[in-house]
1. If you place +1 on the Cβ of every Lys and Arg, -1 on the Cβ of every Asp and Glu, and leave all else neutral, what size is the dipole of chain A about its Cα centre, to the nearest 20 Debye?
2. Hey, what did chain B get for relative contact order, percent, Cα under 8 Å, at least 6 apart?
3. Which value at 222 nm does the protein assembly as shown reach when only helices count, each DSSP H run of 4 or more adding -39,500 (n - 2.57), with the total divided by all residues and rounded to the nearest 500 deg cm²/dmol?
4. Could you please rank B:Glu53, B:Glu111, placing first whichever residue has the fewest other Cβ atoms within 10 Å of its Cβ?
5. Taking just the C-alpha trace of segment A:82-201, give me its Rg and Dmax in Å.
6. Please turn the phi angles of segment A:32-38 into ³J(HN,Hα) values with the Karplus equation 6.51 cos²θ - 1.76 cosθ + 1.60 (θ = phi - 60°), one per residue in order, whole Hz, x for glycine and proline.
7. Cut-off is 10 Å between beta-carbons; in what order do B:Met152, B:Met160 appear when sorted fewest neighbours first?
8. I need the semi-axes of the equivalent ellipsoid of segment A:23-166: take the C-alpha gyration tensor, multiply each eigenvalue by 5, square-root it, list largest first in whole angstrom.
Protein chains: 2
Amino acid sequence: MDDVRTRVLTAATELFAELGYDATSVQQVVNRAGVTKGALYHYFSSKEELLFEIYGSVIAEQLAGLDRVLAQEMAPVPTLRAIIADVVETTAEHSLATAVFTRERTKLNLEHWHALQAQWRRYQDTVRGVIRDAQASGDFAAVASPEVISWMIFGVTSTMPTWYRPDGPKKAAEIADEICAVVFAALAPSTSDSLTSDRKN
Amino acid sequence: MDDVRTRVLTAATELFAELGYDATSVQQVVNRAGVTKGALYHYFSSKEELLFEIYGSVIAEQLAGLDRVLAQEMAPVPTLRAIIADVVETTAEHSLATAVFTRERTKLNLEHWHALQAQWRRYQDTVRGVIRDAQASGDFAAVASPEVISWMIFGVTSTMPTWYRPDGPKKAAEIADEICAVVFAALAPSTSDSLTSDRKN
């Protein structure tokens, strides 16, 4: 990404996190980024577009990660493991952007809001499809619905800004491993299930 | 709770959710609640105190629920099941209050913020203690740390305002049952564990 664009987005993320969206002026973003107002308006048409791009760039990165994982056509367990690792690590990396979005999303215009909602729905529906297919084939136990399982996975990641600290005792990769341990212990087909199920062996 | 106090808090919750905290005036709260300004100021010293009480009353109710569950001195599984059911149902019931808190918590003054943080920490630490003790005794598998397990439980509940609908296909009690199914499937001590563990039988 262009250096000026990145500096502007980083400055806006920090200021929105510190002062709130409403209390932050474009002039403050320009000052913090060390660019001219003209340079900012070359990339962003408004303060609102900064807010949109802050989270839009995160979800775009996460969707690209999702597509990369799916392109590998792995079995359900490594697929879901790679998805969880990617979403935990990208959320940790963009913790401030996620916090700003959670707090300020009502300030987005309707078009931008719907665009982000559509991307997020695509992400969520894809993950649910992976779980649903694996439950149908017997690779995952049907312990709960794909909806509730996905809400548990995304609930823990989207609340990371409230509990994750980059300098905390646990690295993002370790947190992802623990989440995977819980998810796969819950989704493991039990021995009795596999003995009594209708699966073709 | 006093009827006027309840009406004021309900009106404030709705308006903060619809317009945002900053854009809502005390006069609008008074109008919506159908009370006098004097009546509002009899119970609340400021708009900020309304924000504090909106979530403060939810966490107070949840802590009371937690204490009621613990007082029954049940085994770990029914204890954690009752805690999850209570937190899911109270969050569903107070979904708007939870959404307002998530969005507007940075508007709280430091004293109020610390008070809520302390209550939330007491809730979280208590639940972690239940999980930790049950893992130490062998009643729960040590599949992941009590921290990550509790973040998964509270992540799914605190994001409920973004996905739970009172008129949706699933009632809160059903959602709680599914969350419990995932948690207890993950925490079930495996047969091989119980054969090889150091537990006194």
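Just so you know, all these numbers are worked out from the coordinates, no wet-lab data involved. Quick caveat: nothing in here was measured; it's all calculated off a predicted structure. Positions of Cβ are backbone-derived with ideal geometry, glycine not excepted, and every protein chain shown enters the neighbour counts.
1. Computed charge dipole of chain A: roughly 200 debye.
2. 23 percent
3. -24500 deg cm²/dmol
4. Result, fewest neighbours first: B:Glu111, B:Glu53.
5. 17.0, 54
6. Result, ordered by residue: 5, 6, x, 10, 8, 4, x Hz.
7. B:Met160, B:Met152
8. Result for segment A:23-166: semi-axes of 34, 14, 14 Å.
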